[in-house]
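Asker: Pasting in a structure now, in structure tokens, and then I'll have a few things to ask.
The values are calculated or read from the model by the stated rules, or taken from the named source; none is laboratory data. Computed from a prediction, not measured in an experiment: that's the story for all the values here. Neighbour counts run over all protein chains shown; Cβ positions are idealised from the backbone, glycine included. What goes into the accessible areas is simple: the full protein's heavy atoms, side chains included, and nothing from ligands, DNA or RNA. Shrake-Rupley method; radii C 1.70, N 1.55, O 1.52, S 1.80 Å.
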Amino acid sequence: MEPIIKFDKVTKRYGDLTVLDRLDLDVAPNEKVSIIGPSGSGKTTVLRLLMTLEKIDGGVIHVDNEPMTHMPSPGGTLVAANEAYLRRVRGKIGMVFQHFNLFPHMTALGNCAEAPIRVLGLSKDEATGRAAELLEMVGLADKINHYPSQLSGGQQQRVAIARSLAMRPKIMLFDEVTSALDPEVIGEVLEVIRSLATEHNLTMLMVTHQIGFAREFSDRICFFSDGRIAEQGAPCEILDNPRNERTQQFLRAVLHAT
Amino acid sequence: MTFEWDYLMEVLPLIAQASLVTIEATLGGFALAAVLGLLLAVLRSLRFAPVRVAVSVFIEAVRSTPLLIQLFALYYILPGIGIIIPAMACGILALGVHYSCYCAEVYRAGLDNVPRGQWEAATSLNFTTYDTFTRIVLPQAVPPVVPALGNYLITMFKETPILLTISIIEMMSRALIIGKDTFRYTEPVTVVGVLFLLFSLTSAWGVRRFGAWLTGRWG
Ligand SMILES: Nc1ncnc2c1ncn2[C@@H]1O[C@H](COP(=O)(O)OP(=O)(O)OP(=O)(O)O)[C@@H](O)[C@H]1O
Ligand SMILES: [Mg+2]
């Protein structure tokens, strides 16, 4: 099957620091991929490049067989993508952040309805109706009129998930979405992600330190080290029989800590 | 020389009348400053370098020259190049443009205080730049700086006597005219001073209340 996401020798630098080094990564439609690895290995950068939050320094990312950074010109050659083209690609992707990034001046409902109204052009009634359904799906039917400051971290993160889903993405990116949460509410967020994975046709790419969750959730786990994929495969291969020495080290450290 | 209350009561209505001109100039100038200042701040925050540089140069130039000179420039030079506007419009324009550059700095502080994550969330939801500003960023950036903007409202108000140099009859100018006619300056000028004080205190209070209401709305 054609990959829905294809990183082709992607390089990303910050000054002298090469964060991603000619990275190749294919993700199939509907596939659930977890990215694990030590701090600074470039995991977040992969998601941020896909979300167009960062500029790419080398290589190409294809989404749905379309290059993200280049578009065909009328003459048939490839030229740098303009904003309109970028927005079309971006429309296929949703992202959930470690620190939620909810809009503090809007209620949970407003957070989930604003972009569908402004960006997708839905009517106010339709957008709020769908937003309410999504909030119900993440278990927040009774909180739709609360402002983010009136919600717990776990609740805020569930609103953030609903907000992304309201844009009907094909691809969902999760960047350590439970890292900023108290231990007792991590479960409720993972539960929502688990039900998304089983009930919806979504391609999911998730950076996580929750090794146990990655095992049951993922079709594939990629272990990142120094801006490259050092090892990847089915969860049982990577977690139970890692071949790469760095993976072994990392897992020993992580499993020891928890 | 004694302070005559009867005389004071006599000049009070005349000066109160002129205070309407002062208020008109202040509110007009401030409305312009608030809107233009926001525009300047937003333009300067854009990634497009030529606009950013042009706006920065403009703001620096306006802030580094006296308001009086800008006022004269508009009043005497504009007609010279064929643009004829009433003195009052000219005064409001000068006050507004001058203070817009200070307001722009205030808005900039507000914009800088919006966390980067808010912009990133807006991008990830595919908002246009315009919607990102109007729906996400400005509603968070502006309310906290309303008190600081309000300070410029009061500063500008206190600077309106400068308009007498382009023969606008505002409070101070009215007091001086009365004084010239009667050779008594104490009472009219006292009235002007007290009115300035009253207006300033009231607006300071109003601005504080408005700021508190704006920021208190979303908990
Ligand atoms: N805006 C930036 N400017 C400079 N360097 C950056 C920037 N963003 C990230 N980096 C650097 O790039 C490297 C990779 O960052 P990235 O956030 O992708 O790591 P990560 O694998 O997600 O790490 P963590 O597990 O700590 O989140 C790090 O060394 C980081 O310091
Ligand atoms: Mg990270």
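Asker: Residues of B:114-124, mean number of Cβ from any other protein chain within 10 Å of their own Cβ, rounded to a whole number?
Answerer: Mean inter-chain Cβ contacts per residue within 10 Å come to 6.
Asker: Name the aspartates and glutamates eligible as straight-distance cross-link partners of A:Lys32: C-alpha to C-alpha under 14 Å, and not fewer than 8 places from it in the same chain.
Answerer: Qualifying aspartates and glutamates at Cα under 14 Å: A:Asp175, A:Glu199, A:Glu216, A:Asp219.
Asker: Additional query: Projecting each Cα onto the charge dipole of the protein assembly as shown (Lys/Arg +1, Asp/Glu -1 at the beta carbon, about the Cα centre), which of B:Pro79, B:Leu38, B:Thr26 comes out farthest on the positive side?
Answerer: B:Pro79
Asker: On to the next question. Can you give me the relative contact order of chain B as a percent, contacts being Cα pairs under 8 Å and 6 or more apart?
Answerer: Once normalised by length, the contact order is 30 percent.
Asker: In a GNM of chain A with a 10 Å cut-off on Cα contacts, which of A:Asp175, A:Asp16, A:Asp64 has the highest mean-square fluctuation?
Answerer: In this elastic network of chain A, the residue with the biggest mean-square fluctuation among A:Asp175, A:Asp16, A:Asp64 is A:Asp16.
Asker: Could you sort the residues of segment B:174-219 by number and keep only those whose accessible area is reduced by 10 Å² or more in the all-protein-chain setting relative to the chain alone, 1.4 Å probe?
Answerer: Buried on complex formation: B:Arg217, B:Trp218, B:Gly219.
Asker: Additional query: Using the Kirkwood radius over Cα pairs, work out the Stokes-Einstein diffusion coefficient for the protein assembly as shown at 4 °C and 1.567 mPa s, in µm²/s as a whole number. Numbers along the way, then the final one.
Answerer: Numbers: Rh = 26.6 Å.
The estimated diffusion coefficient comes to 49 µm²/s.
Asker: Moving to a separate point now. What average number of partner chain Cβ atoms lie no more than 10 Å from the Cβ of the residues making up A:87-94?
Answerer: 2
Asker: What figure in square angstrom, to the nearest 10, would you give for the accessible area of B:Met9 with a 1.4 Å probe?
Answerer: 110
Asker: Still on this model: Select from A:Ser179, A:Leu140, A:Leu205 the residue farthest towards the positive end of the dipole of segment A:117-258; place +1 on Cβ of Lys and Arg, -1 on Cβ of Asp and Glu, and compute about the Cα centre.
Answerer: Result: A:Leu205, furthest along the dipole toward the positive end.
Asker: When the dipole is taken about the Cα centre of segment A:142-252, and only Lys, Arg (+1) and Asp, Glu (-1) are charged at their Cβ, what size is it in debye, to the nearest 20? Show your work: numbers first, answer last.
Answerer: On the way: 12 positive and 15 negative charges, 71 e Å.
It works out to roughly 340 debye.
Asker: Roll a 1.4 Å probe over the protein heavy atoms and report the accessible area of A:Asp24 in Å², nearest 10.
Answerer: Only protein atoms counted, so the area is about 80 Å².
Asker: Can you send over the solvent-accessible area of A:Asp26, 1.4 Å probe, protein chains only, in Å² to the nearest 10?
Answerer: 60
Asker: Could you give the dipole magnitude of segment A:100-168 about its Cα centre, charging the beta-carbon of Lys and Arg +1 and that of Asp and Glu -1, in debye to the nearest 20?
Answerer: Working: 7 positive and 6 negative charges, 38 e Å.
With only Lys, Arg, Asp and Glu charged at Cβ, the dipole is about 180 debye.
Asker: Roughly how much accessible area, to the nearest 100 Å², goes out of reach of solvent when B and A pair up, both sides summed, probe 1.4 Å? Before the final figure, lay out each step's value.
Answerer: Details: alone 12350 and 12540 Å², together 22840 Å².
Counting both chains, the buried surface is close to 2100 Å².
Asker: Given the protein assembly as shown, what percent of its DSSP beta bridges are antiparallel, to the nearest 5?
Answerer: Taking every DSSP beta bridge with both residues in the protein assembly as shown, the antiparallel ones total about 55 percent.
Asker: While we're looking at this one, here's another question. Restricting to chain A, compute how many DSSP beta bridges are antiparallel as a %, nearest 5.
Answerer: Beta bridges within chain A, antiparallel portion: roughly 55 percent.
Asker: Still on this structure: For chain B, find the longest principal axis of its Cα atoms and tell me its angle to the long axis of helix B:49-63, 0 to 90°, nearest 10.
Answerer: Helix B:49-63 sits at roughly 20 degrees to that axis.
Asker: Taking N as the number of residues in segment A:29-154, what is its alpha-carbon radius of gyration divided by 2.2 N^0.38 Å?
Answerer: 1.30
Asker: Same structure, new question: Based on alpha-carbon centroids, what's the gap between segment B:137-184 and segment B:63-110 in Å, whole number please?
Answerer: The two parts, judged by their Cα centres, are 14 Å apart.
Asker: In whole angstrom, how far apart do the alpha carbon centroids of segment A:118-182 and segment B:7-56 sit?
Answerer: Here the two parts' Cα centres lie 41 Å apart.
Asker: To continue, here is another question. Relative to the longest principal Cα axis of chain B, at what angle does helix B:87-112 sit, 0 to 90 degrees, rounded to 10?
Answerer: 40
Asker: Using the Cα centre of chain B as origin and beta-carbon charges of +1 (Lys, Arg) and -1 (Asp, Glu), tell me which of B:Tyr107, B:Gly206, B:Leu163 is placed farthest towards the positive end of the dipole.
Answerer: B:Tyr107
Asker: Return the average number of partner chain Cβ atoms within 10 angstrom of each residue Cβ along peptide A:141-151.
Answerer: 1
Asker: Where a Cα-Cα gap under 17 Å defines reach, which lysines qualify for A:Lys9, not counting those fewer than 8 residues away within the same chain?
Answerer: Result set, ordered by chain and number: A:Lys43, A:Lys55.
Asker: Quick one: accessible area per residue over the protein assembly as shown, 1.4 Å probe, rounded to a whole number of Å²?
Answerer: Ligands and nucleic acids excluded, the result is 48 Å² per residue.
Asker: Per the Debye formula with a single identical scatterer at each Cα and no solvent contribution, what log10 I(q)/I(0) holds for segment A:100-168 at q = 0.13, 0.22, 0.27 Å⁻¹?
Answerer: -0.27, -0.80, -1.20
Asker: So, one more: Size of the dipole of the protein assembly as shown about the Cα centre, Lys and Arg at +1 and Asp and Glu at -1 on the beta carbon, nothing else charged, in debye to 20?
Answerer: With only Lys, Arg, Asp and Glu charged at Cβ, the dipole is about 580 debye.
Asker: Related question: Over the Cα atoms of segment A:110-224, what radius of gyration and what Dmax do you get, in Å?
Answerer: According to the Cα coordinates of segment A:110-224, Rg and Dmax are 14.5, 44 Å.
Asker: Related question: Quantify, in whole percent, the carbon and sulfur part of the accessible surface of segment A:111-165 (1.4 Å probe; protein heavy atoms only).
Answerer: 44
Asker: What per residue convex hull volume, in Å³, comes out for segment B:20-172 when only alpha-carbon positions are used? Intermediate values should be presented prior to the final figure.
Answerer: On the way: hull volume 18.2 nm³, N = 153.
Cα-based convex hull of segment B:20-172, divided per residue, equals 119 Å³.
Asker: Which of the lysines could a cross-linker bridge to B:Lys180, judged by Cα under 26 Å and excluding same-chain residues fewer than eight apart?
Answerer: Cross-link targets: B:Lys158.
Asker: Specify the angular offset, from 0 to 90 degrees and rounded to the nearest 10, of the alpha carbon long axis of helix B:5-45 from the longest principal axis of the alpha carbons in chain B.
Answerer: With rounding to tens, the tilt is 20 degrees.
Asker: When only alpha-carbon atoms count, how far does chain A stretch along each of its three principal axes, as whole angstroms with the largest first?
Answerer: Here the Cα extents, ordered largest to smallest, are 57, 52, 37 Å.
Asker: Okay, helix-only estimate at 222 nm for the protein assembly as shown: each DSSP H run of n ≥ 4 adds -39500 (n - 2.57), divide by all residues, round to 500 deg cm²/dmol; what do you get?
Answerer: Calculated mean residue ellipticity at 222 nm is -17500 deg cm²/dmol.
Asker: With an 8 Å Cα cut-off and a minimum separation of 6 or more residues, compute the relative contact order for chain A in percent.
Answerer: 25
Asker: Tally up the carbon and sulfur contribution to the accessible surface of chain B as a whole percent, 1.4 Å probe, everything protein left in place.
Answerer: The value for chain B is 69 percent carbon and sulfur by accessible area.
Asker: Rank A:Thr107, B:Thr26 by accessible area, highest first, at a 1.4 Å probe radius?
Answerer: A:Thr107, B:Thr26
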